[in-house]
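These notes are about the structure you will find just below.
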Amino acid sequence: MDLMKGVSAQTVTTDRLRTHFYSAGPEDGTPIVMIHGNLSSGRFFEHLLAEAPDGYRLIAPDMRSFGRSAPKPIDATRGLEDWADDTKALLDALSIDQAPHLVGWSTGGAAIASYAMKHPVASLCLIDPVSPYGFGGTHPDGTPCYPDWAGTGGGTGNPELVQRINDGDRSTESPVSPRNVMTSAYWSAGYQMPPEREEILLDELLLSVTGDDGYPGDSTPSDNWPGMAPGTRGIVNALSGKYCNWSGLVDLAVKPPVLWTQGGGDIVVADGSFWEMGTLGQMELVPGWPGEDVFPPQAMVTQIREVLESYEATGGRVTVEMFEDSGHGPHLDAAERWLEIFFGFLSSIR
């Protein structure tokens, strides 16, 4: 594997699974653990590891069912706690007992919040995180549109995308070709990823485990629109608000400092995400939408902001940085500025 200067790749067997991870910096450095999002891997942080200041040990694992870690099933009924527990097991296997700084992108944002609700952390950095009330199917206050959380979970995954991942598709022939999903959603439309780097990141996306135990997961029929509710397995079910809710971060007695960085052009985590059933129904792309009173487009960014405002009002420290020209990953399409803000944040809490 041809890695950037200063970055290494290793695999360790923890008490939960075989975990592959990327790292940089001295073993006795201040630990920073970076948790990737859905349909990606730890390598989406590699360029950040290569540019880290001295004194930090950065670790970017491939989470279960992604990258080169073991393809163990995801128990969706635990929300993102499988990922949180896997992270703790990795730190234990590496004999790191210092409270880590945690970075979580998208799905990883819910995972690090889950970790922080169980273990001490030095700080949290949320990069375009999934809403505190999960992905899809909620009213603005976080209550579900339907009691069974219909319109969320594994049944909302795109079957063509799944098939193309299985086929190792590298084309641009369909809007849901893996390459087009990555380039249209992971970074802004105006950003051009270096071609060689794009190929590497596409390789990583194509390693994703698909099916009931991976992406997107299983599904349950529902009498409510749009006809399916969450199952109990796989990553998209784990993101349903039926199981994923990190609004409890507000109740922590000891509140770690939080940095929230958000792309202004994000189409994945947004007020009216193009990947969410309420928006798709409103756009008449999914027939039978029951209307905004019943199933509104989810106000994801507003929900994040309101929960973090409550976190601050109850004694927490929150720093917010909006990257107006960025997409779903400002650490990708605005890496230099993101690094400056992130390490500036860490310096301010030392």
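Annotations
- Which of His139, His328 has the fewest Cβ neighbours within 10 Å, and the rest in rising order: His139, His328
- Set of aspartates and glutamates with alpha-carbon distance to Lys5 below 13 Å, sequence-local pairs under 8 removed: Glu46, Glu51
- Length released on extending from Gln10 to Thr302, taking residue separation times 0.36 nm less the Cα-Cα span: 101.3 nm
- Taking packing as the residue-averaged number of other Cβ atoms within 10 angstrom, the listed peptides 32-44, 287-299, 118-130, 84-96 run from highest to lowest as 32-44, 118-130, 84-96, 287-299.
- Helix axis angle, 195-205 relative to the chain longest principal axis, alpha carbon, degrees: 70 degrees
- Counting other Cβ atoms within 10 Å as a rough exposure proxy, the listed residues Val254, Val307 run Val254, Val307 from fewest neighbours to most.
- Burial order of peptide ranges 2-11, 47-56 (average beta-carbon count within 10 Å, highest first): 47-56, 2-11
- Cα centroid separation - the stretch 187-224 against the stretch 1-74, whole Å: 18 Å
- Each label point was placed 7 Å from the Cα along the Cα-to-Cβ direction; for Leu3 and Ser347 their separation is 2.7 nm.
- Crossing angle, helix 81-93 versus the chain [Cα axis fit, 0-90 degrees, rounded to tens]: 10 degrees
- Counting all C-alpha pairs of the chain, share separated by more than 24 Å (%): 52 percent
- Against the chain, whose longest principal axis comes from its Cα atoms, helix 335-348 is set at around 70 degrees.
- Under 12 Å, Cβ to Cβ, from Val121 - net charge with Lys/Arg +1 and Asp/Glu -1: +3
- The stretch between Glu160 and Asp28, if pulled fully straight at 0.36 nm per residue, gains 43.0 nm over its current Cα-Cα span.
Laboratory data are not the source of any read-out in this text; all were calculated from the coordinates shown. This structure is a prediction, so every number in the text was calculated from the model and none was measured. Neighbour counts run over all protein chains shown; Cβ positions are idealised from the backbone, glycine included.
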